[in-house]
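Worksheet: the structure to be examined is printed underneath.
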Amino acid sequence: MRVLAIGECMAELAPAERPDDYRLGFAGDTFNTAWYLAMLSPDVEVSYFTAVGDDALSARMVQVISDSGIDTRHIRRLPGKSVGLYMIALNNGERSFSYWRGQSAARSLAGDAQALAAAIAEADLVYVSGITLAILDQGGRETLLQALRSARSAGKSVAFDPNLRVHLWSDPTEMTETIMRAAACCDIALPSFEDEARWFGDEDAKATLERYARAGASTIIVKNGPEPVLYREDGTDDITMVPRLTSVIDTTAAGDSFNAAVFAGLSAALPLSSSIEQACRLAGQVVQGKGALVPVGLDLLDQFA
C-alpha cells in the first residue's frame, strides 16, 4: 500500500527533564501519523506532501523526515520561507501550545495544483486533517478539496481526521462548515468525540458517527479518550474497549499514532477490530512518553509484520 499524508510538519520545542529546558524536534499531526506508520509498517510506502523554506531549519526537517523512512520527493521548497514552530507546555499530562507559524511555507502547500495531483496519483490512500485545511487560505482549501474529490473518483481511499483547532480558523462556523465539506470527500473518518461534541453539539459518540456517515464516509472510527471506541464498517457498528492507564505523561500525538495503527492494520489486511485494538495500545504507549514521537514497542511492531 502507498500512503500519502498531506499537511504541515513544524519545529517542536518539547519540555526536557529540567525545568525551562526544551529539546528541538519536528512534528505535526499528519506528519506524526506518517512517522508512526513508517515505524509500524516498513513495507508500506509512506510519502509526505508539504512545503518548506530554503533555510537551514527547513533542510534539517526534510532530512529528519527522510531519515524516518518517509519519501520526501513531494516536499516543495519555497524561497524566502521557513517552517512553523511550536512549544509545548504540560500540566498533569495535558498539553497546551504556543505557536509561531506566520513564516510557515506549509501554508502554501496547495499552491501548485499539478504538484499536488502528481503526488496523489502515486498513492493508494491519501490522508489529511482539519489542521491541514485550517492553515490554508481559501484558494488553497478549494484546491485541496477538489484534489480529494478527484482522488476518490479515481478509486483511491481518502482518510480524514477533523482535528478541530478553532484558533486556526477565522470563526467556529468557518471551521465546522469546512470540516463537513472535507468529510464529504472521505472514505475513512477518524473524529474525536470530545472535540466534535464541543463544536458540533453531538450528544454522544453515536451522533458523531451518524453525522460522518451522512456525509458519505463508509468507515467511521470515533475516538473517545479512555472511553470505548465506537466504529462502523460496512454498515455494522461495534465498540472496542480502551485499556486503562495508570499514568499519563503527555497526550501529544495520541490520536495521530492511533490513526497510524489503523492504516497499518489496513495495509496488513487485519480486521478493523484488531487494528483498533492495536491503535489503542499504541496510543497508550505514546501518552506515557514526552513529545509527539515516542519509540514504538517491539510487541506492537510484531503485530503488523
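The numbers here are math on the coordinates, done by the rules we state, and not lab data. Remember, predicted model here, so these are calculated numbers, not experimental data. For neighbour counting, all protein chains shown are included, and Cβ atoms are generated from backbone atoms with ideal geometry for every residue, glycine included.
A few notes on this one:
- The one condition from (1) in a loop (DSSP other than H, G, I, E, B); (2) surrounded by 21 or more Cβ atoms within 10 Å (Cβ to Cβ) that Q288 does not meet is (2).
- Residues within the stretch 32-61 that are under 17 Å from R107 (Cβ atoms) and free of Cβ contacts under 8 Å to residues at least 40 places away in the same chain, tallied: 2
- Which numbered condition F31 fails, given (1) part of a strand (DSSP E or B); (2) buried (at least 22 other Cβ atoms within 10 Å of the Cβ): (1)
- Filter result (in contact (Cβ under 8 Å) with a residue 40 or more places away in the chain and either part of a helix (DSSP H, G or I) or buried (at least 23 other Cβ atoms within 10 Å of the Cβ) (or both)) within the stretch 189-216: L190
Matching residues to (1) closer than 27 Å to I6 by Cβ; (2) touching a Ser or Thr at 6+ places or on another chain (Cβ under 9 Å):
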{"position": "I220", "(1), (2)": "yes, yes"}
{"position": "V229", "(1), (2)": "yes, yes"}
{"position": "R232", "(1), (2)": "yes, yes"}
{"position": "T236", "(1), (2)": "no, no"}
{"position": "T252", "(1), (2)": "yes, no"}
{"position": "A261", "(1), (2)": "yes, yes"}
{"position": "P295", "(1), (2)": "yes, no"}
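- For the stretch 37-80, residues that are polar (S, T, N, Q) and more than 13 Å from L4 (Cα to Cα) total 5.
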